[in-house]
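Trainee: Have a look at this one before I ask anything.
The values are calculated or read from the model by the stated rules, or taken from the named source; none is laboratory data. Keep in mind it's a predicted model, so treat the numbers as computed, not measured. Neighbour counts are summed over all protein chains in view; Cβ atoms, including those assigned to glycine, are modelled from backbone coordinates with ideal geometry.
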Amino acid sequence: MGASGLEVSRVGLGTMTWGEDTPPAEAAEQLRAFVDAGGTLVETADDYGAGAAQQVLGGLLRRTVARDDLVIAGRGTATRVPDERASRSALLRSLDTTLHRLGVDHLDLWQFPGWDPRVPLDEMLSAVQIAVYSGRVRYAGLVAPRGWQLATIAAGAAAGPDPAVCRPVSAQVEYSLLAREPEAELLPAARHHGLGILAWAPLGRGVLTGKYTDGTPADSRGASALLASYVEARRGEHSARIVHSVLTAADGLGTSPLVVALTWVRDRRGVASAVVGARDAAQLRASLAAEDVTLPAEIRTALDDVSDPV
């Protein structure tokens, strides 16, 4: 993970739909398939299903897989707490809620909300210091910061009393062939300050799989009341051209569009792990198959050109 000693699997497992669109039994099958394939990084957040996802994951840690087999990345949403925002109190309370739901004594990676102009930076960093010193957190990361915010936080941590403890090691951000905006500032800032990127929605919220080319399948996330608007935001004429190129590349390589899109993100400079969510275990196994695929240089160049945001 960036310049740190934390090691994670190149593909991570997201849990956004667990407890809602993904029932516990299906989540259990996904987690077993993920661990069996050598996956370690599992990402969760305290607002996934209003806490339901973390409760499901906590139950699976007691019944399905061993806690030590996973690198658990927990994301807090303290900035939604009225009147407190990203205060030290709100951040630590969010962390404790996550630990309680998961039934664990620590997070391997605590991703705290990136920026709150009403809270002094040293107060936010002190929450990280307390969390690490108390044993509740091993490493800290940022959630969707802007490039200047990442640089400011990293520089503030480096200038603080305990930079080895407070320095963030990761930044979680949406990144795919349909979402390349982080390349302008965030990715260069992360490389400069030694942060690894956790790329979420690497499949363009499912659009890059090609399933929406001829409409919206009834069993897809795009047809879900929970996620329809989330998927729709990545559809459009520009997206259609990129999807067509992904389909063409997949056909030429004898693989799936899912594997092409995921491999493109996974192998981008600075990306530590591409975090995927899955409808079921079969779809997850299809994502994990990308481990054995490397895109030829000419195909990477063609995808770079057609998806260039400029």
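Trainee: From the list R101, R75, R118, which one is touching a helix residue (DSSP H, G or I) at 6+ places or on another chain (Cβ under 6 Å) and among the basic types (K, R)?
Mentor: So the residue among R101, R75, R118 that is touching a helix residue (DSSP H, G or I) at 6+ places or on another chain (Cβ under 6 Å) and among the basic types (K, R) is R101.
Trainee: Which one is surrounded by the most Cβ atoms within 10 Å (Cβ to Cβ), of the residues in segment 185-202 that are within 17 Å of A158 (Cα to Cα) and aliphatic (A, V, I, L, M)?
Mentor: Per the stated criteria, the residue is L195.
Trainee: Follow-up question, since we're still on this one. Can you find a residue in segment 39-57 that is charged (D, E, K, R) and over 23 Å from I197 (Cα atoms)?
Mentor: Taking every residue of segment 39-57 in turn, none turns out to be charged (D, E, K, R) and over 23 Å from I197 (Cα atoms).
Trainee: Out of T263, T301, which single residue is more than 28 Å from V35 (Cβ to Cβ) and assigned to a helix (DSSP H, G or I)?
Mentor: Going through T263, T301 in turn, the sole match is T301.
Trainee: While we're looking at this one, here's another question. Name the helices (runs of 4 or more DSSP H) wholly inside segment 1-106 in which the number of residues that are under 23 Å from L262 (Cα atoms) is 2 or more.
Mentor: 24-36
Trainee: Among what's in segment 53-75 and is under 19 Å from S273 (Cβ atoms) and of a type in the set (G, A, S), pick the residue that is surrounded by the fewest Cβ atoms within 10 Å (Cβ to Cβ).
Mentor: Here the residue is A53.
Trainee: Can you find even one residue in segment 42-62 that is closer than 20 Å to A144 by Cα, touching a residue at least 40 places away in the same chain (Cβ under 8 Å) and touching a Leu at 6+ places or on another chain (Cβ under 8 Å)?
Mentor: yes
Trainee: Continuing with the same structure: Could you check Y230 against (1) of a type outside the set (S, T, N, Q); (2) modelled with pLDDT of 90 or more; (3) in a helix (DSSP H, G or I) and say which number it fails?
Mentor: Tallying (1) of a type outside the set (S, T, N, Q); (2) modelled with pLDDT of 90 or more; (3) in a helix (DSSP H, G or I), Y230 fails exactly one: (2).
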